[in-house]
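One structure below.
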Amino acid sequence: MTAFQKLADAWDLSTEHQLKLLGSPARSTYFKWKKDGGSLPHDTEERVSHLLAIYKALQILVPDAPQSDAWIKKPNAYFRGLSALDVMLNGQVVDILTVRQYLDVQRGG
């Protein structure tokens, strides 16, 4: 959760966005994870893993940190004018994976 919180801060994500990206856990569960850490459900771990890969890919593709952090909220023609964040906020793991795969291709991987 520490790494996710750093990502959430860098991307300036609201609590609601964080909850959605983590798979919509109960607010009390989310705040417990945030305060105490602990083990996360497999689905949540998978989501965090993909999100961290997206963050890392952006750092590689756009070396300027403010620009790479802002990219996530900018409209993108590949996503039919939606931002990557909009796509990921559809709530399914596959939505996060779609953004990760797009960035992997951009990196040549």
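Some observations on this one:
- All positions within segment 66-81 that are surrounded by fewer than 16 Cβ atoms within 10 Å (Cβ to Cβ), touching a strand residue (DSSP E or B) at 6+ places or on another chain (Cβ under 8 Å) and closer than 19 Å to Asp104 by Cβ: Lys74
- Hits in segment 26-40 (condition: buried (at least 17 other Cβ atoms within 10 Å of the Cβ) and not in a helix (DSSP H, G or I)): Leu40
- Count of segment 34-54 residues, restricted to those that are over 15 Å from Gln101 (Cβ atoms), among the hydroxyl-bearing types (Ser, Thr, Tyr) and modelled with pLDDT of 95 or more, is 1.
- Any hit, segment 2-19, residues being within 30 Å of Gly108 (Cβ to Cβ), assigned to a helix (DSSP H, G or I), β-branched (Val, Ile, Thr) and at pLDDT 95 or above: no
For (1) touching a residue at least 60 places away in the same chain (Cβ under 8 Å); (2) out of contact with any helix residue (DSSP H, G or I) (no Cβ under 8 Å at 6 or more places or on another chain), each residue gets a yes or a no:
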| residue | (1), (2) |
| --- | --- |
| Ala65 | no, no |
| Ala77 | no, yes |
| Asp86 | no, no |
| Leu89 | yes, no |
| Gln92 | no, yes |
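- Selected residue (criterion: farthest from Ala3 (Cα to Cα)) from residues of segment 41-75 that are outside any loop (DSSP other than H, G, I, E, B) and β-branched (Val, Ile, Thr): Ile60
The values are calculated or read from the model by the stated rules, or taken from the named source; none is laboratory data. Small disclaimer: the values here were computed from a predicted structure and weren't measured. Cβ coordinates were reconstructed from backbone atoms using ideal geometry, including for glycine residues, and neighbour counts include every protein chain displayed.
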